[in-house]
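**Q** Okay, handing you the structure first.
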Amino acid sequence: MQRQQPTCAMLADRHTALIEGMRDLLETEFDAVYVVADVQSLSSGAQRLLPDLIIVDLSLVGGDLPGLLQRVAELSPASRVVVLTVHDEAAVPKLALSAGAHGVVLKRCLGSELLTAVDAVLHGEHYVSPDFGLAANAN
């Protein structure tokens with residue numbers, strides 16, 4: 001059975017230039033791409049739009065990633081969630097995936113990995129940037 005073309009994505013990040021670049025990439029794959037800049041807007045948008053994909057910056061969430069991902073799962077159960085982060089410690093993807101994220105992408109790898117991550121999570125897979133933990137392995 002072939003997956004239906006995704007129609008809606010949400011981006012949650014405060015960094016305007018980064019958001020615009022991601023929006024441009026995602027508009028090649030989605031009919032609509034919505035941008036929000038805070039957790040409350042993310043929650044209400046997820047409930048109203050029921051997006052196929054939600055991309056959220058870890059720094060936007062603060063320390064309550066599990067709480068946010070639980071709310072998103074309750075409000076929009078079919079949404080797939082990709083977390084963005086600048087932190088490349090190996091513990092970050094473990095935390096995000098155990099909290100309910102479907103993918104974790106390093107911000108420095110967005111240009112080369114975002115669409116790969118999106119494709120993976122929309123096909124029911126998990127995606128983690130390969131660069132996680134490289135700094136720890138170098139020591």
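**Q** Only Cα pairs within less than 10 Å get springs; with that Gaussian network setup on the chain, which residue of Asp13, Asp52, Asp64 has the largest fluctuation?
**A** Of Asp13, Asp52, Asp64, the most mobile in the Gaussian network model is Asp64.
**Q** Could you point to the residue in Leu75, Pro130, Val104 farthest towards the positive end of the chain's charge dipole, with +1 and -1 charges on the Cβ of Lys/Arg and Asp/Glu respectively?
**A** Projecting each Cα onto the dipole axis, the largest value belongs to Leu75.
**Q** With the other protein chains left in place, how much accessible area per residue, in square angstrom, belongs to the chain at a 1.4 angstrom probe?
**A** 51
**Q** Can you list residues from other chains, or at least 5 along the same chain, whose modelled amide H is less than 5 Å from the amide H of Met10?
**A** Long-range HN contacts for Met10: Tyr34, Leu53, Ile54, Ile55.
**Q** Still on this structure, I have one more. At 0.36 nm per residue, minus the direct Cα-Cα distance, what do Leu25 and Ser98 gain on full extension? Give it in nm, one decimal, please.
**A** Between Leu25 and Ser98, full extension yields 23.5 nm more.
**Q** Evaluated at 10 °C with a viscosity of 1.306 mPa s, what Stokes-Einstein diffusion coefficient in µm²/s does region 1-117 have when Rh comes from the Kirkwood expression over alpha-carbon pairs?
**A** 112
The values are calculated or read from the model by the stated rules, or taken from the named source; none is laboratory data. As the structure is a prediction and not an experimental result, all values here were calculated from the model. FYI the Cβ positions are ideal-geometry reconstructions off the backbone, even for glycines, and counts take in every protein chain you see. What goes into the accessible areas is simple: the full protein's heavy atoms, side chains included, and nothing from ligands, DNA or RNA. Shrake-Rupley method; radii C 1.70, N 1.55, O 1.52, S 1.80 Å.
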